[in-house]
Amino acid sequence: MEVPLREPTFLILAALAAAPMHGYGLITEVARLSDGRISLRPGTLYGALDRLVDADLVHVDREEVVDGRLRRYYRLAGPGRDLLAAETERMRRNVEAATLRLGAAKTRPRLSGGLA
């Protein structure tokens, strides 16, 4: 799996961290986690889930038939949880570094004059 993770992949793993979910549940949870910025289409989601299953980051938890249609639930596997934790820590460090720089920029006096 490519690191750093693309945002949709990160959010799929984050959604599965709480409990197993089926496709529609993942689509709505990813939208909620991203404040609506990421809107996964079913084809995109299931392609990503296939890649995550192939990489042993996500497992099929169970399947059930609802209204005549198969509903497959996915759960985060141990390596997926480890990758999510590592990626979360990497992003946390980046946010911390940027926050410190932004704070330093606020206290630094602005120079007036020509172009740099």
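Observations on the structure shown:
- Cα-centred dipole magnitude for the chain, charges only on beta-carbon of K, R (+1) and D, E (-1), debye, nearest 20: 700
- Zero-based 10 Å bins, Cα pair distances in the range 7-103, whole percents: 16, 44, 28, 10, 3, 1
- Here the gap between residue 92 and residue 44, fully extended at 0.36 nm per residue and compared with their Cα-Cα distance, gives a gain of 14.6 nm.
- At R0 = 35 Å, FRET efficiency that the Cβ-Cβ distance of residue 37 and residue 64 yields, to 0.05: 0.70
- Between residue 100 and residue 19, the FRET efficiency estimated from the beta carbon spacing at R0 = 30 angstrom works out to 0.25.
- The range 46-101: relative contact order in percent, alpha carbon pairs under 8 Å with at least 6 residues between: 25
- Per residue, the average separation of C-alpha pairs within less than 8 Å and at least 6 apart gives the chain a relative contact order of 25 percent.
- In the chain, helices alone account for a calculated mean residue ellipticity at 222 nm of -18500 deg cm²/dmol, with every DSSP H run of four or more residues adding -39,500 (n - 2.57).
- Across the range 82-98, rounded Karplus estimates of 3J(HN,Hα) from the backbone phi angles (6.51 cos²θ - 1.76 cosθ + 1.60, θ = phi - 60°) give 5, 5, 4, 5, 5, 5, 4, 5, 4, 5, 4, 5, 5, 5, 4, 5, 5 Hz, Gly and Pro being marked x.
Throughout, read-outs are computed from the coordinates displayed, never taken from laboratory work. Fair warning: this is a prediction, and the values are worked out from it, not measured in the lab. Ideal geometry is used to build each Cβ from the backbone, glycine not excepted, and the neighbour counts take in all protein chains shown.
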